[in-house]
1. Give the residue, chosen from 68, 64, 150, that is under 26 Å from residue 43 (Cα atoms), acidic (Asp, Glu) and surrounded by fewer than 18 Cβ atoms within 10 Å (Cβ to Cβ).
2. Return the total of residues in the range 200-231 being surrounded by fewer than 14 Cβ atoms within 10 Å (Cβ to Cβ) and not in a helix (DSSP H, G or I).
3. Any residue in the range 40-55 that is surrounded by fewer than 17 Cβ atoms within 10 Å (Cβ to Cβ), among the hydroxyl-bearing types (Ser, Thr, Tyr) and out of contact with any strand residue (DSSP E or B) (no Cβ under 6 Å at 6 or more places or on another chain)?
4. Would you call residue 29 among the aliphatic types (A, V, I, L, M) and surrounded by 14 or more Cβ atoms within 10 Å (Cβ to Cβ)?
Amino acid sequence: MRIKILKILEQEKEESYQKFSSKLLPENIKILGVRIPKLRKLAKEMLKQGEAEEYLKISFSELEYQEELMLYSMLLAEGKYENKIGLIKKFVPTINSWAVCDVFVSELKDTKNNMQKYFTSFLPYAMSNKEYEIRFFYVMSLNYFIKDREYIASIFDAIKKQRYVGFYDKMAVAWLLSMLYVRYPEETEDFLLKEDLDKFVFQKSISKICDSYQVTKEAKIHLRTLASLRTKNKK
């Protein structure tokens, strides 16, 4: 199965896209250069033909290229499996780039119908010591959980306790906080200004909020002023 699918992927690769994508990823990531819409199309065909479960049986160690992992994530996310959460938990530790993480999360649309179950199952990733496991939870929060006020207090609590591992987990939290501000400006402003957050996360969050077209000019000036005062008071 792996050889069959790899041949299809190799037929779809584009050298120019491979070079472009490689610049956005860690040097150790091997990439063919297949665009995501083509991967989605292949995943749908495999699901329709009943080939998904066979592909999901392939050992992660055999999946050499990022596109193979992305395809795996799409088949896992879009399919209906008896032990789906278990399969997701088995897959998440293999995530090796922000791209695989974010594509996987974007495809996990059945989260909308399993909010409590998924939130409870994936919240522990915030306490992980692996960069992309942490990112997985916060990108899940960004895509799904922040849309329900029920989870906001728990998300803030997780961020407050968060211990970061690398760059991409920090970026996920900053991105999340900027979107929390759009949805819940008062609560998020209060959180940003009162909690002792990681310096990079705090500054990047303010920057992303101020870059947003969904935030008014007046709100941006107000937030920058308060953030500046907070920074001065901490020195």
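FYI, it's all coordinate maths here, none of it is from the lab. Here the structure is a predicted model, which is why all the values come from computation and not from measurement. Backbone-built Cβ (ideal geometry, glycine too); neighbour counts: all protein chains shown.
1. 64
2. Number of matching residues: 3.
3. No, because not a single residue in the range 40-55 is surrounded by fewer than 17 Cβ atoms within 10 Å (Cβ to Cβ), among the hydroxyl-bearing types (Ser, Thr, Tyr) and out of contact with any strand residue (DSSP E or B) (no Cβ under 6 Å at 6 or more places or on another chain).
4. Considered against the rule, which asks whether it is among the aliphatic types (A, V, I, L, M) and surrounded by 14 or more Cβ atoms within 10 Å (Cβ to Cβ), residue 29 comes out as yes.
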